[in-house]
Amino acid sequence: MNQVNIVIVEDEIIIAKNIARKLKNLNYNVCKIFASGQPLIDYITIQKPDIILMDIAIRGEMDGIETASKIKDIADIPVIFLTAYATPEVVERASETSCYGYIVKPFKDEELYATLKIALKKHQENSIVKKSLQDTIKEYSSQIENLYINNQTNLPNRLFLRDSFDYLVASINGEQLVAVLNISIDRFKKISDFLSKEQQDSLITEVAQRLQNYVESCGGQGITIYMKEDHFIIMITLDTKIQANNYAKEISNLLGQAIYLENQEIFLSTSIGIAFYPSDSFNIEELLQQSEKARDYARSQGANRHQSFSFAFNVKISRSSEGLHLEAELHHALEREQLELYYQPKIDLKTNSIVGAEALVRWNHPTMGRFEPYKFIPLAEESGLIRPIGEWILNRACQQNKAWQNAGLNDLTISVNISGIQFKQSDLFHQVTQVLFNSSLEPQYLELELTENILVENIKINIQKLNILKKAGVKITLDNFGTGYSSLGYLQQFPFDILKIDSCFTHNIDSNKINATITKNVIDMAHDLGLTVVAQGIETEAELNNLKKCNCDEIQGFLFYPPLNAKEFKNLLLSNKSIYSHK
């Protein structure tokens, strides 16, 4: 076996030489000794030792922890801290570098030997895992590429949207814009009701071809994205906003020309909304929402129209008199005990048993009736009420799960959705740990669900936040996968445990070959990354059977059970029903 090469970073030369002597006696080779961090960083750009022993209090502008952080960005070399400092703050900082050991001086030779052996073994195992992951990603690279392309139209699909946007933004100069044109075919459902499936496919293929040809003929760089049946996105670089309006007119005229399907003449009209980078937003998700609002406004004014986004469209309900009243009532919802949690069962497809539930909040107003989350959560976020409401949901869900466990029911996981504003709170980790402590719920029975659009901004910081949350022992779920518009490559960067496939992929999976292919490949890749896969929105037996064939792990949906209140959910568990017993 080759001798292990070690670098020592210690500003006390006597201590450094003493450590080097001990290592030589243990049959290790000390190839370098440094007193500060920068020379070490310069060294590892040329030479790669097997391990680094690092004091924290060293010379120079960087201490040992800062040096270890920079090393982590440059090379995969394990670091062990040998230090007299062991305060909680220092240990916490050191742990963020993913160090392989932390020995407090003075130490025994046996401690040094054991820590080195374990660190080297751990690093070797991690290297094998990383290589295996890289091989897996390489193996599926061609499949991933296929996932980005819609087979029917041969256009990129929604998974390629973020990457396309980033590419276009990188290609423009300081004066140029990127226009996002949100295109929808008017009366598409009414038209398609009179067409066969083959004719519907031919119609969409013809629309896609016309759009693609038009974008290729334009002066700027442009990309056409196929979203779904009647919905396309065109992103194109341009010099002025007037150009985008001209493009929209020309697209409407182009799609308004007759389409012939088996001697049947069809005329289409379109509604088009436009938003601009960077004047409207720097964020693709916001630009999509803005262009959708503009498109909906255009449609409300009549067929075959286009509309650029205006911030006047962002007037929230809370600014109306009705909205102000609703916000005032929401302020009292918690103290008046008007909020209630419902629980939608999650079913294990291997055992046909209920293994968990997703907690969903409802607002039961005494005079205005019951509000679903989508009607009041945005208002809570805008008004700042999401913090107390989010804390209440987390507390109530954990307390309820612990109560079910105390009643002798199966050990279930409870899933809680975390909003973007909640995730940005600096004390979220403290909130989670405090809730677990107060409820006495073991952390492995809590899952925190986050959507992709929350995580893709400030990726490095968000990865750190998730890793800190995972230190509490909870599980992290990527919710609504397929609606965030980013690439599958993000999966390997975040420390997810669970992947939830959005219903846009599982809907009609039995008859839609494209959805079936995407779903199967996503499940296979998620499994290779060690993730549990949950399919949501399951409504038919055919969808269920196809997901079983794809080896999906868990499912949710109205085929089995709708969200139930706490009493109904407990009775369901006590009845010991299988997933088929609800029929």
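Listing for the model above:
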{"item": "Positions within the range 396-408 being touching a Lys or Arg at 6+ places or on another chain (Cβ under 8 Å) and crowded, with 16+ Cβ neighbours inside 10 Å, in sequence order", "result": "Trp404"}
{"item": "Index of the failed condition, Gln200 passing every other in (1) modelled with pLDDT under 85; (2) surrounded by 13 or more Cβ atoms within 10 Å (Cβ to Cβ); (3) polar (S, T, N, Q)", "result": "(1)"}
{"item": "Selection within the range 44-90 - surrounded by fewer than 21 Cβ atoms within 10 Å (Cβ to Cβ), free of Cβ contacts under 8 Å to residues at least 60 places away in the same chain and under 13 Å from Ile6 (Cβ atoms)", "result": "Ile44, Gln47, Lys48, Ile77"}
{"item": "Qualifying helices (runs of 4 or more DSSP H) (wholly inside the range 497-583; at least 3 residues being touching an Asp or Glu at 6+ places or on another chain (Cβ under 7 Å))", "result": "541-549"}
{"item": "Single residue of Ser419, Ser415 found to be within 30 Å of Leu159 (Cα to Cα), among the small types (Gly, Ala, Ser) and under 15 Å from the mean Cα position of the chain (by Cα)", "result": "Ser419"}
{"item": "Test: residue in the range 518-525 that is under 10 Å from Leu478 (Cβ atoms) and either at pLDDT below 85 or buried (at least 17 other Cβ atoms within 10 Å of the Cβ) (or both)", "result": "no"}
{"item": "Positions within the range 440-467 being buried (at least 19 other Cβ atoms within 10 Å of the Cβ) and not in a helix (DSSP H, G or I), in sequence order", "result": "Leu441, Leu446, Glu447, Leu448, Glu449, Leu450, Thr451, Val456"}
{"item": "Hits in the range 80-98 - residues which are of a type in the set (Ser, Thr, Tyr) and assigned to a strand (DSSP E or B)", "result": "Thr83"}
{"item": "Residue match in the range 549-558 (condition: within 19 Å of the chain's Cα centre (by Cα), buried (at least 18 other Cβ atoms within 10 Å of the Cβ), at pLDDT below 90 and not β-branched (Val, Ile, Thr))", "result": "no"}
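The values are calculated or read from the model by the stated rules, or taken from the named source; none is laboratory data. A quick note: this is a predicted structure, and the numbers were derived from the prediction, not measured. Using ideal geometry, Cβ is built from the backbone for each residue, glycine included, and neighbour counts are taken over all protein chains shown.
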